[in-house]
Amino acid sequence: MLTIQSHKGPYTATFDPSALTKLEENVPANAHFLIDAHVADLYAAQMKNILTHRSVLLIDALESNKSLERMPDYVAHLVGKGLRRDHRLIAIGGGIIQDITCFLSATMLRGVDWVFYPTTLLAQADSCIGSKSSINSGTAKNILGTFTPPREVHISTNFLATLDPRDVRSGIGEMLKVHVIDGPDSFDTIAADYQRILKEPEVMMTYIRRSLDIKKAYIERDEFDQGARNVFNYGHSFGHAIEAATDFGIPHGIAVTIGMNMANYVAARLEVGSDENYRRMQPVMRLNYDGFETYPVPLAPFMTALSRDKKNQGTGTATFILANRAGQVFKDQYPMDENLTSICRDYLESERAAA
Ligand SMILES: NC(=O)c1ccc[n+]([C@@H]2O[C@H](COP(=O)([O-])OP(=O)(O)OC[C@H]3O[C@@H](n4cnc5c(N)ncnc54)[C@H](O)[C@@H]3O)[C@@H](O)[C@H]2O)c1
Ligand SMILES: [Zn+2]
């Protein structure tokens, strides 16, 4: 079990393969469930009591459902079910269900507790701790949000057995990110175990746990993302721009993996990182985005999205998290100029085509 300190007090993340069974056998009367509809289908037999509870909202895990525009439906449902301040929202699903539940928990009645049963690897190894909710509005992704920690997180790695392999690699992308942040030795260790993670559930569990341990230290120091925690955006400036330029055709953590490889390439070309560092990390990055290396990423929308990144300050510059020559991540600002455009063009045209 991990205990995480937050501005709302401590909360726990527990590893328990029978988490769903325990919930099923003891469904809290004051619960309002928000459940990924696909997970509800797959696990219907194990969730009979949960699915017949008086307040259940089944939601398809689509970005369009994680939006301000859809909130009135969810609010109306919860109002109709008599939501009170001493009730609990219980989320069962991945990052999309998490973001919806966390946002509602922050805003409805000025605050209702929420509990999370993450069912994707990305949510189990990364997003389940850290307090953030992110909601889309119109075409602006993750533009609205809050810092609202759950009361409890219950992690059952049994859920991972039914995940699509793309979603497994998406989660591993975030795990690789966390290990780069921890330092080059940490990254080299997870990189060496990459195939074992895919094949051996106990090795997978070890790295989920390690990823949460590494993240815990940063979010406890900087829950509101004002300083130290910023490095968790490593791979994300480029990754988000890739997602935007491809109409979200690439799963988030896989776009982040390409984004990390690209960040290493850019760092080498800007001479703040090194070619050696780029080459050191590249093999496992390539394994993790295998099949997406030739996915077309048009340069113009990519550069536009990069210039609009949330982290940028002022105009004409972009804020990047890059790895230095020693493989340690750091944050700095860079001009959005012709040189940067030509580096990005070279990467998108030649590096990935050669992959
Ligand atoms: N708030 C945060 O801190 C944070 C951090 C990272 C990402 N996110 C957000 O999370 C979202 C991505 O989350 P995600 O990758 O967890 O995926 P997701 O919620 O989009 O789910 C991915 C797919 O997996 C399916 N699925 C979920 N659990 C399953 C299971 N056990 N078996 C089979 N299929 C299952 C879903 O139905 C969906 O098709 C994005 O919207 C991203 O912006 C939020
Ligand atoms: Zn991410």
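Read-outs throughout are calculated quantities, based only on the coordinates presented, and are distinct from any laboratory measurement. Bear in mind that the values here come from a model prediction, so they are computed numbers and not experimental data. Glycine gets a Cβ as well: all are built from the backbone with ideal geometry, and neighbour counts include every protein chain shown.
Segment 41-90 and segment 1-28 have Cα centres separated by 19 Å.
Under a 5 Å amide H cut-off, with hydrogens placed 1.01 Å from N, Ile155 pairs with Thr14, Phe15, Asp16 among residues at least 5 apart or on other chains.
Sorted fewest first by neighbouring Cβ atoms within 10 angstrom, Glu223, Glu63 come out as Glu63, Glu223.
For segment 40-138, a/c is less than 1.5, where a ≥ b ≥ c are the root eigenvalues of the C-alpha gyration tensor. That puts it in the rounded class.
Per-residue extension of 0.36 nm, minus the Cα-Cα distance of Met1 and Asp247, leaves a gain of 84.8 nm for this segment. Using the rule -39500 (n - 2.57) for each DSSP H run of four or more residues, divided by the residues of the chain, the 222 nm mean residue ellipticity is -13000 deg cm²/dmol. Residues Val231, Val27, ranked from the fewest to the most other C-beta atoms within 10 Å, line up as Val27, Val231.
Electrostatic bookkeeping for Arg221 treats Lys and Arg as +1 and Asp and Glu as -1; over the other residues with beta carbon under 12 Å from its beta carbon, the sum is -1.
Measuring between alpha carbons in the structure, the pairs from Lys81/Lys216; Lys177/Lys311; Lys8/Lys331; Lys22/Lys141 lying more than 25 angstrom apart are Lys81/Lys216; Lys8/Lys331; Lys22/Lys141. Amide H contacts for Met336 (H built 1.01 Å from N in the peptide plane; partners 5 or more residues away or on another chain; cut-off under 5 Å): Thr317, Ala318. To the nearest Å, what is the center-to-center distance of segment 197-255 and segment 105-162, using C-alpha atoms only? What the calculation gives is 14 Å, centre to centre. 3J(HN,Hα) along segment 331-342, derived from phi through the Karplus expression 6.51 cos²θ - 1.76 cosθ + 1.60 where θ = phi - 60°, amounts to 10, 7, 9, 9, x, 7, 10, 4, 4, 5, 4, 6 Hz, with x in place of Gly and Pro. Among Leu78, Leu122, Leu62, the residue with the largest mean-square fluctuation in a Gaussian network model of the chain, with springs joining Cα atoms closer than 10 Å, is Leu62. Ordering Ile343, Ser137, Ser274 by the projection of their Cα atoms onto the charge dipole of the chain, which places +1 on the Cβ of Lys and Arg and -1 on the Cβ of Asp and Glu, puts Ser137 at the extreme positive end.
The 3J(HN,Hα) values that the Karplus relation (6.51, -1.76, 1.60; θ = phi - 60°) gives for segment 231-247 are, in residue order, 5, 5, 8, 3, x, 8, 4, 5, x, 5, 5, 5, 4, 5, 6, 10, 6 Hz. Gly and Pro appear as x. Taking amide H atoms as placed 1.01 Å from N in the peptide plane, the amide H of Gly235 lies under 5 Å from those of Ile321, each 5 or more residues away in sequence or on another chain.
A Gaussian network model of the chain, with springs between Cα atoms under 10 Å, assigns the largest mean-square fluctuation among Asn233, Asn65, Asn264 to Asn65. Considering only Ser274, Ser137, Ser307, the mean-square fluctuation computed in a Gaussian network model of the chain, springs between alpha carbons under 10 angstrom, is largest for Ser137. Converting phi to 3J(HN,Hα) with the Karplus coefficients 6.51, -1.76 and 1.60 and the offset θ = phi - 60°, segment 21-35 yields 4, 4, 5, 4, 7, 8, 6, x, 5, 8, 8, 10, 8, 10, 10 Hz in sequence order, with x at every glycine or proline.
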